[in-house]
Amino acid sequence: MFINSREFGAVEIDSKQTLQFPHGIYGFERCSQWALIDTPRKPFYVMQSLTDVHISFILVNPYLVCEDYLLDILESDLAVIENPQAHDLLVFSIVTVRETTGMITSNLAGPILINRRNHLGVQAVQQDTKWDTRFPIMAEKQAAG
Amino acid sequence: MLILSRKVDQRIRIGDDVVVSVLEIDRDHVKIGIVAPKNIRVYRHEIYEAIQTENRAAVLSDMSAIDTIGDDHLPDAEDADKESDSRG
């Protein structure tokens, strides 16, 4: 099927790439249908709303951004995506590019969880307050290098 | 807004399944216990607000900014494959 995306215009996706978020995303509660799109820039992905073409997020694997990242979430968040087995659980972090400073951060406090068996998704909330909504991606890599 | 006055060890029941208990009060710090079914998501409000605010900032981001960054400044995609292998 073809969908309209903010980043890439019309793109063809497989039905396996469609996702359903029963509660939407915080601030975008009405957007329940999404598509996960590969980008030329691995390991980044785009999550495009199928409800509103103007709404899309850039996602990244949080374990690459922060080596000691750990999920610390409520069972009720996992229940939304019907309690996936560990090998069916995909974890992503939403990336923000700040227009004014160009700074690139990722939101480690509100991870996106996807059950790849049933394509259900949820934005979970980390219980430990040490996880930042604006964790710098580049500063971390530069420090490590 | 419904306003109720409670002392330590007193509780509030919300519907059939949710009980909120005042466990401890120390000056301006209140420790609250919540018993709720597993399908009810309970969060600290300020974290919820921070995530909502960040989502609204993130939705304006586009890939062109990421495309302009050198590979050496980005997370390593090959590590991503190793990561998914080790978890799979």
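The values are calculated or read from the model by the stated rules, or taken from the named source; none is laboratory data. Quick caveat: nothing in here was measured; it's all calculated off a predicted structure. Don't worry about glycine lacking a Cβ; one is built from the backbone with ideal geometry, like all the others, and counts go over all protein chains shown.
Before moving on, here are some points about what is shown:
- Scanning segment B:56-88 for residues that are farther than 20 Å from residue A:66 by Cα and either modelled with pLDDT under 70 or in a loop (DSSP other than H, G, I, E, B) (or both) turns up B:59, B:60, B:61, B:62, B:68.
Here is a yes/no grid of residues against (1) in contact with a Lys or Arg (Cβ under 6 Å, 6 or more places away or on another chain); (2) farther than 12 Å from residue A:121 by Cβ; (3) surrounded by 19 or more Cβ atoms within 10 Å (Cβ to Cβ):
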| position | (1), (2), (3) |
| --- | --- |
| A:7 | no, yes, no |
| A:14 | no, yes, no |
| A:19 | no, no, yes |
| A:22 | no, no, no |
| A:28 | no, yes, yes |
| A:33 | no, no, no |
| A:41 | no, yes, no |
| A:46 | no, yes, yes |
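- The residue of segment B:17-34 that is farthest from residue A:124 (Cα to Cα), among those that are exposed (fewer than 13 other Cβ atoms within 10 Å of the Cβ) and within 14 Å of another protein chain (Cβ to nearest Cβ), is B:17.
Quick grid of which residues meet (1) charged (D, E, K, R); (2) surrounded by 13 or more Cβ atoms within 10 Å (Cβ to Cβ); (3) touching a residue at least 12 places away in the same chain (Cβ under 8 Å):
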| residue | (1), (2), (3) |
| --- | --- |
| B:1 | no, no, no |
| B:4 | no, no, no |
| B:9 | yes, no, yes |
| B:15 | no, no, no |
| B:40 | no, yes, yes |
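- The strands (runs of 3 or more DSSP E) located wholly in segment A:1-98 that include 1 or more residues which are facing chain B (nearest Cβ under 7 Å) occupy A:44-49, A:56-60, A:89-97.
- Candidates A:88, A:72, A:128 - the one that is among the acidic types (Asp, Glu), surrounded by fewer than 17 Cβ atoms within 10 Å (Cβ to Cβ), under 23 Å from residue B:39 (Cα atoms) and at pLDDT 95 or above: A:88
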